[in-house]
Amino acid sequence: MPRLFTALEIPAPIAMQLTLLQGGLPGARWIDRENFHITLRFVGDIEMSMANELSYALERVKTEPFSLGLQNLDVFGSSKPHSLFAGVTRSEPLHSLQAEHERICQQIGLEAMTRKFRPHVTLARLRSARTPDIAKYLSGLGGFQSPEFNVGRFVILSSRNSVGGGPYVVEESYQLIEKAISDAN
């Protein structure tokens, strides 16, 4: 039974920028750069037949390529921070793509996600990091901003049941396609 989710990959130059932010926070368990991604829809542990159905259904997604950027560092877990992440710039194409993934998952029988979509790239797990150290880290690096990058595909990633942070394996990839310009003349 694979554990799956759909995601956008982070290009190597942006991933390198993110790795330069890693360090200087005692108790952080840093994510390897090859595992950086933006989750679109967590699917979870599903049977192979459902995984195949999801893979087939995602082929129907017709979205044009778009650009994204990363900005600001923050944490999840206000009273007990557990994850450090880079936020994603506001993007209607990204939210539309995520909403399409959510619709498809529900159409094939998966339960609706209960959390609001908040696109991000997880940089570290903070299981033993202290709040004052996190605040100090964020005050120094929290204003991070990446250049924009092009999004030309989305993927289905699999992971093994672990504490988080990978390793992740690309199971399927789906190209985003420019819409053909029709000649109305």
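The values are calculated or read from the model by the stated rules, or taken from the named source; none is laboratory data. The structure presented is a predicted model; accordingly, all values stated were derived computationally and were not measured. A quick note on method: Cβ atoms are made from the backbone with ideal geometry, for glycine too, and the neighbour counts reach across all protein chains shown. Calculation scope for accessible area: heavy atoms of the full protein, side chains included, ligands and nucleic acids excluded. Shrake-Rupley method; radii C 1.70, N 1.55, O 1.52, S 1.80 Å.
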**Report entry** Exclusive hit being part of a loop (DSSP other than H, G, I, E, B), hydrophobic (A, V, I, L, M, F, W, C) and exposed (fewer than 13 other Cβ atoms within 10 Å of the Cβ), set 129, 112
**Finding:** 112
Report summary line: Restricting attention to the range 86-134, the residues that are among the aliphatic types (A, V, I, L, M) and out of contact with any Pro (no Cβ under 9 Å at 6 or more places or on another chain) number exactly 11
Report task. Report whether or not residue 13 is open to solvent by 50 Å² or more (accessible area, probe 1.4 Å) and either farther than 20 Å from residue 156 by Cβ or modelled with pLDDT of 95 or more (or both). Result -> yes
Query raised in the report: With 38, 46, 31 as the choices, which residue is within 16 Å of the chain's Cα centre (by Cα), over 17 Å from residue 174 (Cα atoms) and surrounded by 14 or more Cβ atoms within 10 Å (Cβ to Cβ)?
Result: 31
Report task. Please work out if residue 67 is within 20 Å of residue 176 (Cβ to Cβ) and either modelled with pLDDT of 95 or more or not polar (S, T, N, Q) (or both). Result -> yes
Report task. Starting from the range 163-179, keep only residues that are under 20 Å from residue 55 (Cα atoms) and of a type in the set (A, V, I, L, M, F, W, C), then list their pairs with residues that are modelled with pLDDT under 95 and exposed (fewer than 14 other Cβ atoms within 10 Å of the Cβ) whose Cβ atoms are within a distance under 7 Å, requiring at least 6 positions of separation or different chains. Result -> 177/62
